[in-house]
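Scroll down for the structure; my scribbles are underneath it.
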Amino acid sequence: MLQKDRILVVDDEPYITDLLSTGLEFEGFAVEVASTGTEAMQKVRATRPDLVLLDVMLPDIEGIDVCRRWREEGEAVPVLFLTARDATDDKLVGLALGDDYVTKPFSLSEVVARIRAVLRRSRDESGDGPLRFADLIMDIESHEVWRQGVLIDLTATEFNLLQYLLENARRVVSKFEILDQVWGYGFEGDPNIVETYISYLRKKVDEFDPPLIHTLRRVGYTLRLPRP
């Protein structure tokens, strides 16, 4: 029997922990809950979760400080921050210590997609295998991409963009989300660079059938099989 990924949800608002617990269990995760930073630190040591969904604002210790303590102790558990803050400085601090963040209010589908992406990245960094979708394969370690067994030559930026699409396969990601995650929060250039690189990528990846990179006008981009 396949073992479920274990998620520790840390938030002091019961309706949020109830919502996340129910939704994540429905998606096939095993869920534990903590309401304070102190309890979270105890449960990480006791239950060894695969990922912690950690609220930044906790009643006893800020989530950032909880994560900082884990890192100082050598604890490498992936952390996805939940935050009501949307300032760039808060995002940068969170990403320096954790692995990603979700801004409140959030959709459950976004949280699930980000959890899966963080888990996939953490395992790829451990050498657990390539990213795959349909007949598209990306090997992070060798920096190689194949489709239908054919090696595809990508630039560094094209590779990073495709990696982000693969990590969020089937989820629609906006232009500005791509800018933040692929080009970085300090990017101040023309946001239309995303369309340009999507076009470059599509010419190389979707030279094969069926096309995998799709544009939803005024919404964003997604990697998925064409709908019937």
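Quick notes
- Sorted on the mean count of surrounding Cβ atoms within 10 Å across their residues, most packed first, peptides 63-72, 4-13 read 4-13, 63-72.
- R0 of 30 Å, Cβ-Cβ distance TYR15-LEU179: FRET efficiency to nearest 0.05: 0.40
- Model label sites at TRP146 and LYS104, defined 7 Å from Cα along the beta-carbon direction, differ in position by 4.6 nm.
- Taking other residues whose beta carbon is less than 12 angstrom from the beta carbon of SER109, and scoring Lys, Arg as +1 and Asp, Glu as -1, yields +2.
- Other residues with beta-carbon under 10 Å from the beta-carbon of HIS214 carry, at +1 per Lys or Arg and -1 per Asp or Glu, a net charge of +2.
- For segment 4-76, the C-alpha radius of gyration sits at 1.04 times the compact-globule guess of 2.2 N^0.38 Å, with N the residue count.
- Over the chain: helical MRE at 222 nm, DSSP H runs n ≥ 4 each giving -39500 (n - 2.57), nearest 500: -12000 deg cm²/dmol
- For the chain, with +1 on Lys and Arg beta carbons and -1 on Asp and Glu, the positive-most of GLY74, LEU212, PHE26 along the dipole: LEU212
- Per residue, the average separation of C-alpha pairs within less than 8 Å and at least 6 apart gives segment 173-225 a relative contact order of 35 percent.
- Residue-normalised accessible area of the chain, expressed per residue, 1.4 Å probe, Å²: 52 Å²
- Set of lysines with alpha-carbon distance to LYS104 below 30 Å, sequence-local pairs under 8 removed: LYS4, LYS43, LYS91, LYS175
- Fraction of accessible area attributable to carbon and sulfur, segment 1-55 (%, probe 1.4 Å): 55 percent
- Taking a sphere under 13 Å around the Cβ of VAL194 and counting the other residues whose Cβ falls inside, with K and R at +1 and D and E at -1, yields a net charge of -3.
- Per residue, the convex hull volume that the Cα atoms of segment 151-228 enclose (Å³): 91 Å³
The values are calculated or read from the model by the stated rules, or taken from the named source; none is laboratory data. Because the structure is predicted, anything quoted here is derived from the model rather than measured. Every residue, glycine as well, gets a Cβ built from its backbone with ideal geometry; the counts of neighbours run over all protein chains shown. Only protein heavy atoms, including side chains, enter the accessible area calculation; ligands, DNA and RNA are left aside. Shrake-Rupley method; radii C 1.70, N 1.55, O 1.52, S 1.80 Å.
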